[in-house]
1. Using each residue's phi in the range 185-199, evaluate 6.51 cos²θ - 1.76 cosθ + 1.60 at θ = phi - 60° and report the 3J(HN,Hα) Karplus result to the nearest Hz, with x for Gly and Pro.
2. If you keep only loop residues by DSSP, which trypsin sites (Lys or Arg not before Pro) in the range 138-238 have at most 11 other Cβ atoms within 10 Å of their Cβ?
3. For the range 217-264, what size does the Cα cloud have along each of its three principal axes, sorted from largest down, in whole Å?
4. Can you check how the C-alpha radius of gyration of the range 48-207 compares to 2.2 N^0.38 Å, as a plain ratio?
5. Let a ≥ b ≥ c be the square roots of the eigenvalues of the Cα gyration tensor of the range 102-164; is it rounded (a/c under 1.5), or, if not, prolate (a/b larger than b/c) or oblate?
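Coordinate-derived values only; no laboratory data. Note that the structure is a prediction, hence the values are computed from the model and not measured. When we count neighbours, we look across all protein chains shown, and the Cβ atoms used for this are built from the backbone with ideal geometry, even at glycine.
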Amino acid sequence: MKTQAWRSSGRTPKSDTKLDEVTRMELWPGAGTLLLLLFLLLLLLLPTLWFCSPSAKYFFKMAFYNGWILFLAVLAIPVCAVRGRNVENMKILRLMLLHIKYLYGIRVEVRGAHHFPPSQPYVVVSNHQSSLDLLGMMEVLPGRCVPIAKRELLWAGSAGLACWLAGVIFIDRKRTGDAISVMSEVAQTLLTQDVRVWVFPEGTRNHNGSMLPFKRGAFHLAVQAQVPIVPIVMSSYQDFYCKKERRFTSGRCQVRVLPPVPTEGLKPDDVPALADRVRHSMLTVFREISTDGRGGGDYLKKPGGVGEAGL
């Protein structure tokens with residue numbers, strides 16, 4: 001009877017299976033449709049998160065900041081590759097990065113740029129708060145000046161390659177012997193190639209609104225090469241940026257270039273006192289420009305603010 005029913009309907013069990021598959025295909029969207037729906041959902045979700053969640057806005061801004069730098073590095077690599085590894089390529093990176101502050105509504109005010117020695121090597125030391133230091137650095141970076149960076153940056157994709165082409169000096173901080181050897185080579189390069197170097201003597205990013213104790217490598221370098229130290233202070237970002245609070249808004253940052261500190265006649269035994277003296281002067285200026293209403297704002301004015309420490 002089943003056979004007669006199949007024959008009378010003109011269908012076979014195989015044709016029923018195919019019909020079921022077609023029905024399922026019509027009822028269940030394909031992978032392309034699912035991706036389109038997810039994309040549309042994401043487009044609706046992102047604006048909601050942007051306006052309703054400060055934390056989400058923080059992560060979006062930081063993701064774009066890092067992604068945009070990597071993209072700009074891709075554009076810079078072929079241009080820098082024409083010269084090969086050369087400190088003059090730092091001008092190209094600086095030119096390509098200067099606009100980022102406008103994207104984030106950050107005004108960078110530079111004071112004391114006349115303190116840069118006009119025609120000699122020197123060592124720049126600066127406080128280190130976050131990856132946003134790049135904005136202040138590019139604003140004031142003198143000619144033929146390259147940063148000394150941790151070796152891990154070399155493997156940061158396109159950014160690492162662009163930095164290598166621009167002459168950035170990489171140091172493995174975990175291997176003290178290698179770091180000392182590199183510093184000795186840098187001292188010779190300072191004198192023979194008229195190069196300046198930029199060092200963050202705190203050694204790591206400091207998000208607490210003050211300054212960590214200084215490591216002495218930069219000061220040993222300056223004393224060994226007998227070149228001046230140029231301290232640079234960037235005001236606190238606490239009014240517009242705080243990693244702990246997941247906050248990132250627009251704001252103002254002041255960059256202050258201090259008078260150069262000579263090292264002629266100093267010896268290795270003088271380095272600890274030199275480092276302490278430079279840190280004290282920088283910390284004093286940091287407090288001043290972070291509470292004057294023009295850079296860093298009122299955060300350090302709060303009772304018990306972290307800026308009180310270390311003075």
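1. My calculation for the range 185-199 gives 5, 4, 4, 5, 5, 3, 7, 8, 10, 6, 10, 10, 10, 10, 10 Hz in order.
2. Listed in order of number, the matching sites are Lys174.
3. 44, 20, 9
4. Normalised Cα radius of gyration, the range 48-207: 1.10.
5. In terms of gyration-tensor shape, oblate.
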